Amino acid sequence: MATAVWAAARLLRGSAARCARPRFGPPAHRRFSSGATYPNIPLSSPLPGVPKPVFATVDGQEKFETKVSTLDNGLRVASQNKFGQFCTVGILINSGSRYEAKYLSGIAHFLEKLAFSSTARFESKDEILLTLEKHGGICDCQTSRDTTMYAVSADSKGLDTVVGLLADVVLHPCLTDEEIEMTRMAVQFELEDLNMRPDPEPLLTEMIHEAAFRENTVGLHRFCPAENIAKIDREVLHSYLKNYYTPDRMVLAGVGVEHEHLVECARKYLLGAQPAWGATGSVDVDRSVAQYTGGIIKVERDMSNVSLGPTPIPELTHIMVGLESCSFLEDDFIPFAVLNMMMGGGGSFSAGGPGKGMFSRLYLNVLNRHHWMYNATSYHHSYEDTGLLCIHASADPRQVREMVEIITKEFILMGRTVDLVELERAKTQLMSMLMMNLESRPVIFEDVGRQVLATHSRKLPHELCTLIRNVKPEDIKRVASKMLHGKPAVAALGDLTDLPTYEHIQTALASRDGRLPRTYRLFR
Amino acid sequence: MAAAAASRTLLPVARRQLWGFTRRLPVRGAGTQPLYFGGDRLRSTQAAPQVVLNVPETRVTCLENGLRVASENSGLSTCTVGLWIDAGSRYENERNNGTAHFLEHMAFKGTKKRSQLDLELEIENMGAHLNAYTSREQTVYYAKAFSKDLPRAVEILADIIQNSTLGEAEIERERGVILREMQEVETNLQEVVFDYLHATAYQNTALGRTILGPTENIKSINRKDLVDYITTHYKGPRIVLAAAGGVCHDELLELAKFHFGDSLCAHTGEIPALPPCKFTGSEIRVRDDKMPLAHLAIAVEAVGWAHPDTICLMVANTLIGNWDRSFGGGMNLSSKLAQLACHGSLCHSFQSFNTSYTDTGLWGLYMVCEEATVADMLHVVQQEWIRLCTNVTESEVARAKNLLKTNMLLQLDGSTPICEDIGRQMLCYNRRIPIPELEARIDAVNAEMVRDVCTKYIYGKSPAIAALGPIERLPDFNQICGNMRWIRD
């Protein structure tokens, strides 16, 4: 259903921040360059002889319509119109770490790094980039737990070339020894960076998935474990690709393109193509459904000196507590999304003005009341067969117990009365976040692609907004109570001396008030 | 990963889900990314007298009091609207350094009409965002909202910049917040290095000071400083009201007249002069052997925003490129420096930059290296720079020109980047440069010009250097200066 949620949001940095002040009248410039042919005209004055632009006008609202066709081999083609000269086109595949149960963990991570390397038609990555540059294009590959995306943004006029290139990149990669060796290094570097980064969020997300879905599907490692780096080779990759890179598991999605043209290109390049690994046909696809297990993953680590620079960062212990929510295919997905927005939160010190969710519960009830807490943020991860709603919190190691209790209490409160004003606010904010994210073409691309991959159709933004508008306080209460019946998943990182036991956290979440059981210790 | 396309990402980098996204927007402009200004469109044939674009026009109107209104309507259901003000930390002196930034903080602390709580509730309840940032030469306040809420967004912006209470109690409270922000900035080593770089390159001038100001100023800035800053700088002719997304220019114009028409008068008397900022080739070294990596920036003096050589320097900047070791990619990247760095494992990452101000600029490279490779990396960088001045090839330049256009065009995606582009260009050039013109300017660059322009600004020039971390092996300043010339080795 609403995979729009997948569309990742983009931070808009104030990159404009170093600017000049305008001078009215003739700008004071210095010597000009000696290049005789180069126009010595400052940028503040128009360059003579440049053609006069004829601008486009907007005739009302953009027509929102996503068209989907299926080719004879099962590959789906989806497109969406968009104003502008550029298009984003890509291939999305049902492939990712969740399908690696029978394989070496880390294959998807390798494939992500190997993307856009040499292929049958292109001798090197450089040749691919050169081809794209001619159409003002750039390329990227991203992989998540369940989806791998190969995408290109380029001038719409280059569509044919772009689709041909994508087909080659996905189906005919050379995977040379040299490229695999380079990838081993890049993966190794990424693992090092992951552990050095001051922001522990990616690591905690990894841990809580591992705890929540022990040794199955979305609980499998997204990053290649260090011990597998040397083991992954072309043979391993081919055996995986053979099963998972099949037309019925793929969507070719395009934003800012004509549907008929895209289908035509798809027929030309993706129909009847024999991939590099030989015969097609999913012989051995892992179709297992995610099994939520709950549990705890602890990583004891000395966080007293995580600072990379001269200024010390205070030592923090991080915890993440989560419960099973629901799949994005279920109707309850929307109430969960609203609930997540209502919880909100963020860092106790976060830049940014009003609009960051200052009246969300984790700000009002947690950060504004307990100034010793550094962070309290709610996250919702949703997949085709399961979901996870979790809260990340961090504080001084000596206050871990108190912090855990504050979070468990917030979970219990989710199932209580919902104030109408706060609900309306969360709904409006969810809609605005959705619409603001969908301003960006790559985000629309991801949304179209993921939705069509999961459901063969796309729920349009305004349909999602209607669903959001219809959420009632009872819905929130219902989904929260249902969620609270499950076992918790817990991830903890840092100095864990004062961490309550898993059983105590479980008891707290099953209690009426979310309190941890009292522990009496004679000697402290 | 998109190796050559390092400075921007096709797909959002952080794989965060929309629902679970904590909206944290940076307040302060970092001044570190390579700078692009832009347009949003396609190549044009230079011969044609007209060129048809698939983007809406940027409409500009000037009010009687000098305030400029500029907008681009793309018919979206959301929009970005903001005030771009020609005032930043460059207009401060040693005593009041930090005032512009302090003022930005006070903007959301309540007005005569609405208390801080009212303002926050109003914004949050309409699903909007309000943000602000201060750079060395600009102060920006902007809002993102549903298009239907445009009138309210403009009214709120007008209220916060004209009727801010600047209450004593709020000022006292904000000191602590800014000091905390300062700590936060100090953990971002790239920002620290860039502050050092400015401090040495523009020593004893306004551009050399930080945006936040020193601790003692943050503790002493008072209401009068803030009021003085507003009355001196927040004037009609120095402000641009820019908007993009679902905005109708005529409606925006009416709103501007209503909210700003009578109040923001022009300057009485002289417009405050832009303080001159002289570049000095020099260095700052902060050696700390306990740090795991060395962070360095090296730069030469480049040109101001509007200078004709800017475009050529941007092509040169693109030629040097960006790289991060997790890109992998190996030997075949479009940047020669990336190939060298990757092949010799010389650094963890590097990023070329071209930071412009009105009448000066910094063109250079930021790099993160291990202790043992600092000297080798710097040597390779300088060799590359000299190669730019002496024998850069036509094909490399052609490629860099293409990349530069792509970078500029693809960046303008969504209402906020477009609005930022409009606001910035209006302040820098007093117009928005049409894409065909920008492309014509880039097309005019060739290898000979790159060599000429680079020779003019790089060859034999004394650089500014800021280095932090385990930098014992960094060559001494004279040796680095020596390497700014042709050496056969």
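Any residue that is closer than 26 Å to residue B:288 by Cα and either among the β-branched types (Val, Ile, Thr) or out of contact with any Leu (no Cβ under 9 Å at 6 or more places or on another chain) (or both) - is there at least one of those in segment B:449-464?
As a first pass, look at segment B:449-464 and keep what is closer than 26 Å to residue B:288 by Cα: B:462-464.
Applying the additional criterion that residues be either among the β-branched types (Val, Ile, Thr) or out of contact with any Leu (no Cβ under 9 Å at 6 or more places or on another chain) (or both) yields B:462-463.
Scanning segment B:449-464, I find at least one residue that is closer than 26 Å to residue B:288 by Cα and either among the β-branched types (Val, Ile, Thr) or out of contact with any Leu (no Cβ under 9 Å at 6 or more places or on another chain) (or both), so the answer is yes.
Picking from residues in segment B:160-176 that are of a type in the set (S, T, N, Q) and assigned to a loop (DSSP other than H, G, I, E, B), the one that is surrounded by the most Cβ atoms within 10 Å (Cβ to Cβ) is B:165. Hey, among B:323, B:385, B:363, which residue is more than 10 Å from every other protein chain (Cβ to nearest Cβ), under 27 Å from residue B:201 (Cα atoms), surrounded by 22 or more Cβ atoms within 10 Å (Cβ to Cβ) and out of contact with any strand residue (DSSP E or B) (no Cβ under 7 Å at 6 or more places or on another chain)? Only one candidate passes the filter, namely B:385.
So that you can scan it fast, the table gives a plain yes or no per residue for (1) of a type outside the set (A, V, I, L, M); (2) out of contact with any Phe, Trp or Tyr (no Cβ under 8 Å at 6 or more places or on another chain):
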| position | (1), (2) |
| --- | --- |
| A:74 | yes, yes |
| A:88 | yes, no |
| A:106 | yes, no |
| A:109 | yes, no |
| A:127 | yes, yes |
| A:143 | yes, yes |
| A:148 | yes, yes |
| A:165 | no, no |
| A:183 | yes, no |
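For segment A:101-155, a tally of residues being among the aliphatic types (A, V, I, L, M), facing chain B (nearest Cβ under 10 Å) and more than 30 Å from residue A:291 (Cβ to Cβ) returns 10. Scanning segment A:178-233 for residues that are under 24 Å from residue A:322 (Cα atoms) and either among the charged types (D, E, K, R) or in the same structural domain as residue A:316 (by the TED database) (or both) returns A:197, A:199, A:201, A:206, A:210, A:214, A:215, A:222. Considered as a group, the residues in segment A:342-365 that are in contact with a Ser or Thr (Cβ under 9 Å, 6 or more places away or on another chain) and aliphatic (A, V, I, L, M) include one that is farthest from residue A:291 (Cα to Cα), and that residue is A:362. Only one of these conditions is not met by residue A:470: (1) within 11 Å of another protein chain (Cβ to nearest Cβ); (2) more than 29 Å from residue A:245 (Cβ to Cβ). Which number is it? So the condition that residue A:470 fails would be (1).
If only residues of segment B:399-422 that are at the interface with another protein chain (Cβ under 7 Å from one of its Cβ atoms) and in contact with a Phe, Trp or Tyr (Cβ under 9 Å, 6 or more places away or on another chain) are counted, the one that is surrounded by the fewest Cβ atoms within 10 Å (Cβ to Cβ) is B:413.
Within segment B:110-125, if we keep just the residues that are under 21 Å from residue B:264 (Cα atoms) and either among the β-branched types (Val, Ile, Thr) or within 12 Å of chain A (Cβ to nearest Cβ) (or both), the residue that is surrounded by the fewest Cβ atoms within 10 Å (Cβ to Cβ) turns out to be B:114. For segment A:257-278, the criterion of a residue being over 29 Å from residue A:66 (Cβ atoms) and aromatic (Phe, Trp, Tyr) is satisfied by at least one position. Of the listed requirements (1) more than 30 Å from residue A:438 (Cα to Cα); (2) within 7 Å of chain A (Cβ to nearest Cβ); (3) buried (at least 21 other Cβ atoms within 10 Å of the Cβ), residue B:451 misses just one: (2). State which residue is surrounded by the fewest Cβ atoms within 10 Å (Cβ to Cβ) when the search covers only segment A:362-404 and only residues that are polar (S, T, N, Q) and closer than 17 Å to residue A:315 by Cβ. Residue satisfying both the conditions and the ranking: A:399.
The residue that is nearest to residue B:146 (Cα to Cα), among those in segment A:422-433 that are surrounded by 24 or more Cβ atoms within 10 Å (Cβ to Cβ) and more than 7 Å from chain B (Cβ to nearest Cβ), is A:430. Considering A:336, A:349, A:359, A:328, the condition of being within 10 Å of chain B (Cβ to nearest Cβ), surrounded by fewer than 18 Cβ atoms within 10 Å (Cβ to Cβ) and either touching a residue at least 12 places away in the same chain (Cβ under 8 Å) or not polar (S, T, N, Q) (or both) is satisfied by A:349 alone.
The selection criterion, being surrounded by fewer than 19 Cβ atoms within 10 Å (Cβ to Cβ) and not charged (D, E, K, R), does not hold for residue A:509.
Just give me the residues in segment B:235-284 being farther than 26 Å from residue B:412 by Cβ and of a type in the set (Val, Ile, Thr), in sequence order.
Step one: list which residues in segment B:235-284 are farther than 26 Å from residue B:412 by Cβ, which gives B:235-237, B:254, B:257-284.
Listed by number, the residues that qualify are B:268, B:271, B:280, B:284.
Among the residues of segment B:130-139, the ones that are in contact with a helix residue (DSSP H, G or I) (Cβ under 7 Å, 6 or more places away or on another chain) and either surrounded by fewer than 22 Cβ atoms within 10 Å (Cβ to Cβ) or not in a loop (DSSP other than H, G, I, E, B) (or both) come to 5 in all. Annotation: of all residues in segment B:47-67 being within 7 Å of chain A (Cβ to nearest Cβ) and part of a loop (DSSP other than H, G, I, E, B), the one that is modelled with the lowest pLDDT is B:48.
Within the option set B:179, B:241, B:157, being surrounded by fewer than 22 Cβ atoms within 10 Å (Cβ to Cβ) and either touching a strand residue (DSSP E or B) at 6+ places or on another chain (Cβ under 6 Å) or in a helix (DSSP H, G or I) (or both) holds for one residue only, B:179. Inspection of segment B:115-124 finds no residue satisfying the criterion of being in contact with a Pro (Cβ under 8 Å, 6 or more places away or on another chain), in a helix (DSSP H, G or I), in contact (Cβ under 8 Å) with a residue 24 or more places away in the chain and closer than 23 Å to residue B:425 by Cα.
The values are calculated or read from the model by the stated rules, or taken from the named source; none is laboratory data. Remember, predicted model here, so these are calculated numbers, not experimental data. Ideal geometry is used to build each Cβ from the backbone, glycine not excepted, and the neighbour counts take in all protein chains shown.
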